[in-house]
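Comments concern the structure below.
The values are calculated or read from the model by the stated rules, or taken from the named source; none is laboratory data. Keep in mind that what you see is a predicted model, and the values were worked out from it rather than measured. Cβ placement follows ideal geometry from the backbone for every residue including glycine, while neighbour counts extend to all protein chains displayed.
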Amino acid sequence: MTTESFTLSMTPDSHGFLGRKCSACEFEFRVPGSVVESGTLNRCPHCPTNVQERYWFTDEQWSPVAEHTLAITSNLINREMSSLSVDAGHVRLRYVPGESRQPPESYQERDDPSLVATTFPCCGQVIRHAPVVAALSCPVCAAS
Ligand SMILES: [Zn+2]
Ligand SMILES: [Zn+2]
């Protein structure tokens, strides 16, 4: 069993904010990088669902991880196919070694000038998000 691990560091935008996406309602918002690091993001500001930290990746943040995972998987499948090709009769399976890829090292959150800031009076937490009509709740405090 081979294991490979890599760490993806995430650099906040110029406001110091990192994007988050609620896996339940798909609402996207940004919180200060310190909130992500300290794990104090408790809930979605848009829906009452409690979700674990690991489901907060935005599509853009997840994409380099997914790409690398796919590359690793292709390599494993290719290796497996080559061992099956030994006695394949007239059907020849060719082993094409996958390119060795460097895992992604960092993700840079890009600035999005269309985002607006909301400050929650309960604790002063600021989030940035696309303009919405619905009322938002503080993602750090339990109070709404
Ligand atoms: Zn939500
Ligand atoms: Zn609060």
Which condition number does Arg79 fail, the rest of (1) modelled with pLDDT of 80 or more; (2) among the charged types (D, E, K, R); (3) part of a helix (DSSP H, G or I) being met? (1)
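Select from the stretch 41-54 the residues that are more than 10 Å from ligand 1 (Cβ to nearest atom) and surrounded by fewer than 18 Cβ atoms within 10 Å (Cβ to Cβ) and list them in ascending order. Step through it out loud before you land on a result.
Initially, the stretch 41-54 is screened for residues more than 10 Å from ligand 1 (Cβ to nearest atom), giving 41-42, 52-54.
Asn42, Gln52, Glu53, Arg54 - these are the residues of the stretch 41-54 that are more than 10 Å from ligand 1 (Cβ to nearest atom) and surrounded by fewer than 18 Cβ atoms within 10 Å (Cβ to Cβ).
In the stretch 11-26, which residue that is within 16 Å of ligand 1 (Cβ to nearest atom) and not basic (Lys, Arg) is surrounded by the most Cβ atoms within 10 Å (Cβ to Cβ)?
Here is the first cut: in the stretch 11-26, the ones within 16 Å of ligand 1 (Cβ to nearest atom) are 19-26.
The next check asks that each one be not basic (Lys, Arg); those that pass are 19, 22-26.
Working: Gly19: 25, Cys22: 19, Ser23: 15, Ala24: 15, Cys25: 13, Glu26: 12.
Applying the filter and picking the extreme gives Gly19.
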The one condition in (1) in contact (Cβ under 8 Å) with a residue 24 or more places away in the chain; (2) in contact with a helix residue (DSSP H, G or I) (Cβ under 8 Å, 6 or more places away or on another chain); (3) under 15 Å from Cys138 (Cα atoms) that Arg43 fails to fulfil: (2)
I'd like the full set of residues that are closer than 12 Å to Val140 by Cα and within 14 Å of ligand 1 (Cβ to nearest atom), limited to the stretch 27-40. Val31
Would you be able to tell me the number of residues in the stretch 126-135 that are modelled with pLDDT of 95 or more and either within 11 Å of ligand 2 (Cβ to nearest atom) or within 16 Å of Thr49 (Cβ to Cβ) (or both)? 2
Test result for Val31, of a type outside the set (Gly, Ala, Ser), at pLDDT 95 or above, under 24 Å from Ala66 (Cα atoms) and not in a loop (DSSP other than H, G, I, E, B): yes
